[in-house]
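Enquirer: Below is the structure I would like to discuss, written out as structure tokens.
The values are calculated or read from the model by the stated rules, or taken from the named source; none is laboratory data. Since this is a predicted model, take the numbers as computed values, not measurements. As a convention, Cβ positions derive from the backbone with ideal geometry for all residues, glycine included, and neighbour counts pool all protein chains shown.
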Amino acid sequence: MIPRLYIVDDEAPARTRLKMLLSDIAPDCPHELAGEASDGQAALEGIASIMPDIVLLDVQMPGLSGLELAAQLPQAEAGAPAIIFISAFDDYALKAFDVHAFDYLVKPVRAERLAAAIRRVCSLKGPGASAAPATPARRQHFSVHERDRLLLVPVADVLYLKAELKYVTLRTGTREYLIEESLTSLEEEFEQVFVRVHRNALAARNAIAGVERGGPDDAEGESDRAQEGWQLVLRGVEERLPISRRQWPVVKALLK
């Protein structure tokens, strides 16, 4: 499907930047810009008239806020638009998902992140999607407790997951986060996103750039020893992940 998009932001420069980003991703992420609004009330009327597939919605706006606007939009009805919040602040992320937001992007929005969110909407709303058997929806974010804050880390931003003692490290292109979840359960939930490369590591399939010779074999045991010192190269980080002998055929198949 080619989704119809509707932009809602009270700042004209922000709407202009968003339209430029949409223009940049158009060749790889086809879409139609169906309309835009600078305030919540006008957006309600425009969305009701145009019936877009996706609403790109700012959170903080004078008058009717983005959260209040989203709460007034249909959510469970057929043809209801998917809400992708776009905000300069991450403070509202939890409230955004209370009003059934599909995704939450923090400004400045990266083109590839925006494209990924739009593609996910298309995969769920496209032809045949409703005929698929009902399955639990895979999370779009990891919840990370950090001091007195709860952060939402987009699954699409995570390059690898690595088990360390009772924690799992999430590595994005900018930093690391810690969560208390089982690597095995994460592998089962995100098998389409991550692939196991070692007993203690999962790598994002779309981040794999290649392999290279590394250090000596690790000492995990004969059946799971690193494959002759080969390590996985990931886009966006300098760290290398060891590849176990058991997982070497899987990694080799992905590289083909």
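Enquirer: Filter region 162-193 down to the residues that are in contact with a helix residue (DSSP H, G or I) (Cβ under 6 Å, 6 or more places away or on another chain) and part of a strand (DSSP E or B), then identify the one that is farthest from Phe102 (Cα to Cα).
Expert: Ala163
Enquirer: Residues Arg171, Arg147, Arg196: which one is modelled with pLDDT under 90 and either among the charged types (D, E, K, R) or within 22 Å of Arg245 (Cα to Cα) (or both)?
Expert: On the way: Arg171 fails: modelled with pLDDT under 90; Arg196 fails: modelled with pLDDT under 90.
None of the other options fit; the residue is Arg147.
Enquirer: Take Gly214 and decide whether it is free of Cβ contacts under 8 Å to residues at least 40 places away in the same chain and not aliphatic (A, V, I, L, M).
Expert: Criteria met by Gly214.
Enquirer: Another question, then. How many of the residues making up region 79-106 are modelled with pLDDT of 85 or more, of a type outside the set (A, V, I, L, M, F, W, C) and assigned to a loop (DSSP other than H, G, I, E, B)?
Expert: 1
Enquirer: Here is a follow-up. Restricting to region 151-173, give me the number of residues that are over 15 Å from the mean Cα position of the chain (by Cα) and either among the β-branched types (Val, Ile, Thr) or surrounded by fewer than 18 Cβ atoms within 10 Å (Cβ to Cβ) (or both).
Expert: Number of matching residues: 6.
Enquirer: State whether one or more residues within region 31-50 are surrounded by 18 or more Cβ atoms within 10 Å (Cβ to Cβ), closer than 29 Å to Val144 by Cβ and touching a residue at least 40 places away in the same chain (Cβ under 8 Å).
Expert: No, the conditions are met nowhere in region 31-50.
Enquirer: May I pose another question? Is it the case that region 19-27 has a residue that's more than 17 Å from Leu67 (Cα to Cα), small (Gly, Ala, Ser) and more than 22 Å from the chain's Cα centre (by Cα)?
Expert: no
Enquirer: Also: Tell me, please, whether a residue that is on the phi < 0 side of the Ramachandran plot, in contact with a strand residue (DSSP E or B) (Cβ under 7 Å, 6 or more places away or on another chain), modelled with pLDDT of 75 or more and among the hydrophobic types (A, V, I, L, M, F, W, C) can be found in region 213-227.
Expert: Among the residues of region 213-227, not one is on the phi < 0 side of the Ramachandran plot, in contact with a strand residue (DSSP E or B) (Cβ under 7 Å, 6 or more places away or on another chain), modelled with pLDDT of 75 or more and among the hydrophobic types (A, V, I, L, M, F, W, C), which makes the answer no.
Enquirer: I'd like the full set of residues that are touching a residue at least 24 places away in the same chain (Cβ under 8 Å), in the same structural domain as Ala204 (by TED's automatic domain parsing) and of a type in the set (Phe, Trp, Tyr), limited to region 137-175.
Expert: Tyr160
Enquirer: While we're looking at this one, here's another question. Taking the stated definitions as given, is Val233 surrounded by 14 or more Cβ atoms within 10 Å (Cβ to Cβ), farther than 18 Å from Glu164 by Cβ and modelled with pLDDT of 90 or more?
Expert: Considered against the rule, which asks whether it is surrounded by 14 or more Cβ atoms within 10 Å (Cβ to Cβ), farther than 18 Å from Glu164 by Cβ and modelled with pLDDT of 90 or more, Val233 comes out as yes.
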